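**Q** Take a look at this one; I'll ask things after.
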Ligand SMILES: [Zn+2]
C-alpha cells in the first residue's frame, strides 16, 4: 500500500497555473493537503525565490526503453524494418529497463507515464509487475497498456509470401523468433483483468487494454476489447495509422475506412487513446473529435522511424484532444519532454504569419496526456482541487541572461526548457525529483548494472544480427512489391 499522501506548504518566486493561458503569478504560497492543491495565495516572502512552479508534464505514449535501441544496433529506419531488430537487445530485466526510463522522464519533468508493454519473454505477467514496481519506486503515475495481438506478426498479411522472400534455411528461424502463436481474445482479456486485480490497491497505476494496432489484431479481438472496455470502463491504448504501409493495409482490409470500422464496433469513445494517427484523413479527425478520442502525437519517434509527421495542428483545429508522447525515441535519446515540447511547437507551426498552434495548445496537450495515463481530469493545472503534480524549474538559471519583465515565463520554458533546469518534481505532493536527482531509486547503480549487461552480451546477439538483416531485406522487398495491399482471406 502507498504511504499516506503528504501535506505541506511552500512559497515560490513564480507560478504558472495554466501555462500559455494565464499570466504568471509572483511570490505565492502553495498549500498541499493530502496530495491535492488546497490553496494558492500571495505570500509575504518566498522560501524558494528562484523556483518556477508549473504543472508536471505527461508522457502520453511510451514503452519504457531504459536502453536506447540504438546501442544494440537497432538503428533508426522505417518502423517495419526497425521492429525486428529489437530482438537484438541483450537481456535486461524489465524492472531495470522501466526504472531507468521513468527516472530519466521524471528528471525531465514528467509525472505521468503511459507505458505500452512490449513483452520480452513468455512471462509477461512477471514483466508487467516489475514495470509497476519501477513506477512505484520512482514515484510517477503509470498507465500500463497490456499488449494484445493475434495476427500478422511477421508482416502485414501474406506471411507465406514473406517467408518465400527469405533463404530457405532462414525460414524456420524467422518463424520461431518473430511469429507469435495467437492467443484467444478471452485469454488476452483475462491477463488484463488479472493484472488490474493485482494493482487495484494503488491509485497511481491504471491498467489498460493495449491492442497493438489494427493490422496486428483480428476483428474478433478488437470487438471483444471494445465490449470489455464498455463494461469495465477501462481505457484502451492503441497504435493506429503510424505508417504509410499500415494505412495501405487498412484501406485494403476495411473498405469503409478503418476509423469508421472502429466506430462501428464501439471502440471510439473518450476511453480510447490513439497513438500516432499520422495517416488520418480530415473526415476521420472530425469523427475522433466527435467521439472524444485522445490522439497522442509522438514527433521524435515519427521522425526517427520514417513514419511521417502527424497532423498535430489539424487535429487541434478539428477539436481532437491531443497529447504528446516520447515513445522511448526522443530525438536526442534523452527522454526529455521539455525539449520535445519545443520540437513539436516549431515543427508543427505554420510557415508564415498565421499562428493557429499556440503555447496554450502545447501545454494543454500535457493535461490531456495525464488523462491518457490516469483516466482522470484533475491533473494538469495548478489550482485548488487539482492533484499536486508540480514541476519546479530553476528560474534563475533559465532566465540568467534575460532582460527583466520583458519575456513571459511560459514562452521561455518553450524556448529553453530542458531537463537540466528541473529542480524538483512532485506527484500527488510526494517528492519524486529533488535537486535534479530522482529520490526513490539509486539511478546510477541501476545504470551501472545495465551498462555491464550491455558490454558483456551473450553470443546470441552477434549470431542473430545477420538473420535480422536478411529478414529486413525480405521485408523491404515485401512492402516494396506492395504485398501488404493484396487482399487475402486469412491476412
Ligand atoms: Zn509506440
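**Q** For residue 74, indicate whether it is part of a strand (DSSP E or B) and either assigned by TED's automatic domain parsing to the domain that holds residue 147 or more than 21 Å from residue 449 (Cβ to Cβ) (or both).
**A** Working: part of a strand (DSSP E or B): no; either assigned by TED's automatic domain parsing to the domain that holds residue 147 or more than 21 Å from residue 449 (Cβ to Cβ) (or both): yes.
When the stated conditions are applied, residue 74 does not pass them.
**Q** A further question on this structure: So which of 162, 166, 154 ends up being over 29 Å from the mean Cα position of the chain (by Cα) and part of a loop (DSSP other than H, G, I, E, B)?
**A** Sole residue among the options that is over 29 Å from the mean Cα position of the chain (by Cα) and part of a loop (DSSP other than H, G, I, E, B): 166.
**Q** Please find, among 131, 146, 174, the residue that is surrounded by 18 or more Cβ atoms within 10 Å (Cβ to Cβ) and in a strand (DSSP E or B). It would help to see each step written out before you state the result.
**A** On the way: 131 fails: in a strand (DSSP E or B); 174 fails: in a strand (DSSP E or B).
Result: 146 is the single residue among 131, 146, 174 that is surrounded by 18 or more Cβ atoms within 10 Å (Cβ to Cβ) and in a strand (DSSP E or B).
**Q** Looking at the range 360-382, can you tell me whether even one residue there is within 16 Å of the ligand (Cβ to nearest atom) and surrounded by fewer than 23 Cβ atoms within 10 Å (Cβ to Cβ)?
**A** no
**Q** Specify which of the listed residues (121, 184) is modelled with pLDDT of 95 or more and surrounded by fewer than 24 Cβ atoms within 10 Å (Cβ to Cβ).
**A** 184
**Q** Which is within 16 Å of the ligand (Cβ to nearest atom), part of a strand (DSSP E or B), modelled with pLDDT of 95 or more and touching a strand residue (DSSP E or B) at 6+ places or on another chain (Cβ under 8 Å), of 58, 41, 53, 101?
**A** The unique qualifying residue is 58.
**Q** Restricting to the range 311-333, and then to whatever is within 16 Å of residue 347 (Cα to Cα) and within 15 Å of the chain's Cα centre (by Cα), can you tell me which residue is nearest to the ligand (Cβ to nearest atom)?
**A** 325
**Q** Same structure again: List pairs: first in the range 105-119 and at positive phi, second modelled with pLDDT of 95 or more and within 16 Å of the ligand (Cβ to nearest atom), Cβ under 8 Å, 6+ apart or cross-chain?
**A** Close Cβ pairs satisfying both conditions: 109/337.
**Q** May I pose another question? Being part of a loop (DSSP other than H, G, I, E, B), on the phi < 0 side of the Ramachandran plot and surrounded by fewer than 24 Cβ atoms within 10 Å (Cβ to Cβ) narrows it down to one residue among 355, 314; which is it?
**A** 355
**Q** Against the condition more than 20 Å from residue 429 (Cα to Cα) and at pLDDT 95 or above, how does residue 34 come out, does it pass?
**A** Answer is no for this residue.
The values are calculated or read from the model by the stated rules, or taken from the named source; none is laboratory data. As the structure is a prediction and not an experimental result, all values here were calculated from the model. For neighbour counting, all protein chains shown are included, and Cβ atoms are generated from backbone atoms with ideal geometry for every residue, glycine included.
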